[in-house]
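In what follows, a single structure is set out as structure tokens and then discussed.
The values are calculated or read from the model by the stated rules, or taken from the named source; none is laboratory data. Source: prediction; values computed, not measured. Glycine gets a Cβ as well: all are built from the backbone with ideal geometry, and neighbour counts include every protein chain shown.
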Amino acid sequence: MNNSLEDFDSKKVAKILLKWFDKKGRNLPWRKVLKSKKNPYYVWISEIMLQQTTVNAVIPRFKSFIRRWPNIKKLSLASIDEILHEWQGLGYYTRAHNIHRTAKIINNDFGGKLPKDSSSLKKLPGIGDYTAGAVASIAFLEPILPIDVNIQRVLARIKGIYLNDKKFKSMIRDFASSFVEINRPGDLTEAFMDLGATLCKLNNPKCSYCPISKYCISFNKKITNKIPGKSMSKARSRKYGVAFFAINQRGEVLLRKRKNQNIFNGMMELPMTPLSEKVWTPDSLTKYYPIKGNWNDTKLSYKGPLSGFELKLSIQFTRVITREKKHWFSLSEMDNYALPSVFKKIIDLVEKNFLKN
Ligand code: SF4
């Protein structure tokens, strides 16, 4: 058993992992190999989708995205509205905006090809350290092991490092850099990804199937359920808002386009108040009503995580008879609009409780 960075044989462990990966690696649509190379465009799009979304949810969305825009050139011609529409339901829409911007930059400044090294990739919108490392190692064979939360967990367990250790980050970084695989860096990155996803899971890791259990400190010390453990980070904050659901005599719902916002920018939404740390009182709503009407509190609400905080949206409802020219949209055609899933869920809730007999 190895207890320090110095006496751990990363080369040997990498070799075992690669052998395991050759037999047990996951067959994912973005991993298709053409002339012994992975498609950098596929790797980039899949990595962006996987940033906040599970593999199972990403697979059909990736296939549909690639069917629509099979290469960067075609993607660079797409409008932001088209990309947002395709992105519906995946959440974290900043990713769609960044893909739109990055595709244009790559097409205009890099001749339609992704730059090949992690430092150049990092300069592109929406590509941080991990994504740059993943794309560079998988698509361009840069000898680097990128660290996301899953790979971090695997590394922490192998070395027995607790998350609340003050030097956690630097120890993990040092340990990751000891895995320099010259011949198959991308395969090693994917092997770590697959180990984290299939065996070294957050809860109940399947260590008896693990090819490297012999080298794993957490396994040998029987502390896998304690590593990496909890960080000292604070609990998520909560934000409150009120969404306004107005329906007219033609069965159309009032929507608006969201502008200059970090979240859902450019997408359609139900009109709503700004988000606040405090619960909204009825008196404070008057100035945000999007149209005159007999507004009522539905007592319904949407709760869920959103971009690092917990969101709670209460829902006000009114029926109106109006000729006012605003953005009215037919309820039956909602699927055609780039509407974040938060608002789709709210519309479903109101439909079920107020509009169906
Ligand atoms: S032995 Fe268990 S804890 Fe250690 S790397 Fe393998 S699956 Fe993870």
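Details
- Conditions (1) within 16 Å of the ligand (Cβ to nearest atom); (2) modelled with pLDDT under 90; (3) exposed (fewer than 11 other Cβ atoms within 10 Å of the Cβ); number of the one not met by Ser233: (1)
- Screening Thr286, Thr298, Thr322 for residues that are in contact (Cβ under 8 Å) with a residue 60 or more places away in the chain, in the same structural domain as Val253 (by TED's automatic domain parsing) and of a type in the set (Val, Ile, Thr) leaves exactly one candidate, Thr322.
- You will find that of Ser46, Ser76, the residue that is in the same structural domain as Gly133 (by TED's automatic domain parsing), touching a Gly at 6+ places or on another chain (Cβ under 8 Å) and of a type in the set (Gly, Ala, Ser) is Ser76 and no other.
- In this structure, Gly196 qualifies as within 15 Å of the ligand (Cβ to nearest atom) and among the small types (Gly, Ala, Ser).
- For the residues Ile172, Ile212, Ile227, the requirement of being more than 11 Å from the ligand (Cβ to nearest atom) and of a type in the set (Val, Ile, Thr) singles out Ile172.
- Residue match in the range 128-150 (condition: within 16 Å of the ligand (Cβ to nearest atom), surrounded by 21 or more Cβ atoms within 10 Å (Cβ to Cβ) and assigned to a loop (DSSP other than H, G, I, E, B)): yes
- Verdict on Arg236 being charged (D, E, K, R) and in contact (Cβ under 8 Å) with a residue 12 or more places away in the chain: yes
- Residue check, Arg26 assigned to a helix (DSSP H, G or I) and charged (D, E, K, R): no
- The lone exception for Ala197 - which of (1) over 26 Å from Gly133 (Cβ atoms); (2) assigned to a helix (DSSP H, G or I) it fails: (1)
- Pair list, Cβ under 7 Å, 6 or more apart: the range 88-101 residue at pLDDT 90 or above, other residue of a type in the set (Phe, Trp, Tyr) and part of a helix (DSSP H, G or I): Ala96/Trp87
- Meets criteria (out of contact with any Pro (no Cβ under 6 Å at 6 or more places or on another chain) and either outside any helix (DSSP H, G or I) or of a type in the set (S, T, N, Q) (or both)) for Phe245: yes
- Yes/no for Lys239 being surrounded by fewer than 14 Cβ atoms within 10 Å (Cβ to Cβ) and not in a loop (DSSP other than H, G, I, E, B): no
- Exclusive hit being within 16 Å of Lys326 (Cβ to Cβ) and away from the ligand (no atom under 16 Å from the Cβ), set Lys287, Lys239, Lys257, Lys278: Lys257
- The residues in the range 310-332 that are surrounded by fewer than 14 Cβ atoms within 10 Å (Cβ to Cβ) and out of contact with any Asp or Glu (no Cβ under 9 Å at 6 or more places or on another chain) can be counted, and the count is 5.
- Checking the range 2-12 against the condition returns no match, with no residue being under 24 Å from the mean Cα position of the chain (by Cα) and of a type outside the set (Val, Ile, Thr).
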